[in-house]
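Each value in this text was obtained by applying a stated rule to the coordinates, not by laboratory testing. Keep in mind the model is a prediction, meaning the values are calculated, not measured. Cβ sites come from the backbone with ideal geometry, for glycine too, and all protein chains shown count toward neighbours.
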Amino acid sequence: MKKQLAIILLVALAVFTAAAQRPTNSRSDGKPAQSALDQYRKEKITIPYKANHKTKKNRRVTTREGNNELKKNNISKALNHYRAALIADSNYAKCQFNRALAHSKLGQNDTALAYYQKMCQNNSATPEQRVNAHYNSANIHLRKALAARDTGGYDRQSLTMAIKEYTAALRLDSHNNDAKYNLSLAKQLLRPEQQSSGGKNQQNQQNQQNQQNQDSKNQNQQNQNQQNQNQQQNQQQQQNNQQDQKQGKQQEQNRREAEQMLNAMKNNEQQTRKAVRMKEAAKERRQGSPTKIEKDW
């Protein structure tokens, strides 16, 4: 009887000691502290499950092989290994994350986002893994918005999703400086919506003003083009006049040269005729018959 009583006392003492060493479920401000279970429930996930030894081995080996291929940039082979790992365990968070990363490298953003989202909602991902998944998802959305901006467009939905994912990452890790910087950039790119009627009227007025400015700009451009065309025509006319004057001078010079040549030919002809007449007169004088010499005027 005494031994049984002693055993009961020892058990009660052990239970009391364990209860005394258990941390209290309260904070310094008097409010109850959130346990890990509460944190997981807040993020809408469940307690991580436990896989058996064979499943762990299969998923670990195939995922490692996929990672090696991914480092070599053999993305297709890496995806084959990741598929095999997910067949062994569809909730293996590491493999889901790496597969999403591989699809992202191939430019398959929608598939990558689906696997990042699945990883954030499964029951084996740690908070650190979910931070990385939210951050990478936000980067994909932000890249879409930046690509649209570079082509003159505006992707509001991608910016909104980027802000949402960055915020989710910072909720789990408030010291993530990269997420803070990118969140600030996404907010700067997000344009405020014109929801009120006054805002719509103001926007319409602005559009009308822009249209008027564009019309005025087009009219000025047309006037400038007309002036340039007139100036070119004047320059062409001046060039034609100069060409005509040059041709007229050349023709006048040619005419003078022709007259000079004609006069020279006449003079030579007269001199030749005079020499012939004088020669004939001398011959007649020698023969005794007088000859009248024709004057050359």
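Structure notes:
- Label-point separation, Lys274 to Thr111 (7 Å along Cα→Cβ), nm: 11.4
- Taking every alpha-carbon pair within region 53-157, the share separated by more than 20 Å comes to 42 percent.
- For region 110-192, the calculated P(r), taken from all Cα-Cα distances in 5 Å bins from zero up to the bin holding the longest distance, is 3, 17, 27, 23, 17, 9, 4, 1, 0 percent.
- For region 145-188, fraction of C-alpha pairs farther apart than 16 Å, in %: 37
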